[in-house]
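Quick notes on the structure that follows.
What follows is calculated from the coordinates using simple rules that are stated; it is not laboratory data. Not measured: the values here are computed from a predicted model. Note that each Cβ is placed from the backbone with ideal geometry, even for glycine, and that neighbours are counted across all protein chains shown.
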Amino acid sequence: MASLKEIKSRIQSVRSTHKITSAMMMISSSKLRKMQRLIQNLSPYEERMAHLMKTLMQADHDFVSPFTRRREVKRVAIVAFSSNTGLVGRFNDNIIETLKTTVDSYAHLGKENILLYPIGNKIQNAVKKLQLTGQAEAQRVVADHPSYDSARQVAEKLLSLFLAEEIDKVELIYHHYQSKSRQILTRETFLPIEPDTQTEETSTDYIFEPDKQTLLDEIIPKVLKLRLYFVHANSAISEQAARTVAMQIATDNANELLDELTLQYNKLRQQTITNELLDIVGGSFGKEG
């Protein structure tokens, strides 16, 4: 059985851990609220721009764009988003496992034909373990601070490679944020643009100025850059949500452990005092006898 000193030492250790996890939970909660405001402001704009692009594409049946052209996949680019630090539950593990699965699915192309854009220290370290090389553009992106400029630079590089037919497909791996307790691991195609059969066709009463082809030539690159920024923001807010939940669970576990240790300490202390009293009483009777 542990001594009073050992139990007291464990209580102090758990209290220290409790303070850390509680502080991290509050910090993550604060960052989460900030990121929620960003997503709430960005989401309607991103959705309307994407809807406008899909509507214009369906309205013009003769529309042709290099961004929609499907080719035999001989070279692929994969953009994966993780966090820079840990203590986020399985957030990073899920991304790494999906990246490995995706890389394995393109293994027949050869490692030299799989371009990786790992955004976040955790996924960058995983890429090194896979003995693959991450592209330099991704290393300049700060995982937990999404910005349109950094997303635009990566998107422009991907667009230029796709237009030059140096890559035939681009995939994204990230967490899509739904709520604090739910983040959906997502693997989606970024290029070529997939047709959206659910979008309602544009009414023929619309008059486009300039013509639909010109509008689409301008809108498509903007939508793709905005999409990559929106995906990065989703990954960042999902990270804070995952860390908030993980630290909440850790704090609750620390509270439960503290209760158990305190109860154990009080029982042992009471038992020790009782034994000392019995020794005193026994000694007194011994002297009288």
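The distance separating the Cα centre of region 99-133 from that of region 1-54 comes to 29 Å.
Determine how many Å³ per residue the convex hull of the Cα atoms of region 212-289 encloses. Before the final figure, lay out the partial values.
Working: hull volume 3.5 nm³, N = 78.
Spread over its residues, the Cα hull of region 212-289 gives 45 Å³ apiece.
Angle of helix 4-59 to the longest C-alpha principal axis of the chain, folded into 0 to 90 degrees and rounded to 10: 10°. Based on Cα contacts under 8 Å between residues 6+ apart, region 26-245 shows a relative contact order of 34 percent. A crude spin-label estimate for the pair Thr186 and Leu215, with each label 7 Å from Cα along the Cβ direction, gives 2.5 nm.
Taking 0.36 nm per residue of separation and subtracting the current Cα-Cα distance, fully stretching the chain between His145 and Ala164 would add 3.8 nm.
Modelled label positions at Thr274 and Asn84, each set 7 Å beyond Cα in the direction of Cβ, lie 5.6 nm from each other. Would you please give the FRET efficiency between Lys5 and Lys129, computed as 1/(1 + (r/R0)^6) with r the Cβ-Cβ distance and R0 = 51 Å, to the nearest 0.05? Plugging the Cβ-Cβ distance into 1/(1 + (r/R0)^6) gives 0.75. By the helix-only formula, in which each DSSP H run with n ≥ 4 contributes -39500 (n - 2.57) and the sum is divided by residues, the chain has a 222 nm mean residue ellipticity of -22000 deg cm²/dmol. With the convex hull of its Cα atoms as the shape, the chain has an orientation-averaged projected area of 21.3 nm². In terms of Cα atoms, the Rg and Dmax of region 119-243 work out to 17.0, 57 Å.
Our estimate of slack between Arg69 and Asn266, defined as 0.36 nm per intervening residue step minus the Cα-Cα distance, is 63.6 nm.
Please list, by residue number, every one of the GluC sites (Glu not before Pro) in region 14-92 that is coil in DSSP and has at most 14 other beta-carbon atoms within 10 Å. List each step's numbers first, then the result.
Details: sites: Glu46, Glu47, Glu72; in loops: Glu72.
Sparse-neighbourhood loop GluC sites (Glu not before Pro): Glu72.
Give, as ranges by residue number, the residues of region 17-49 whose backbone N falls under 17 Å from the point 7 Å along Cα→Cβ of Leu258. Answer for region 17-49: 17-27. Per-residue extension of 0.36 nm, minus the Cα-Cα distance of Lys222 and Asp104, leaves a gain of 39.3 nm for this segment.
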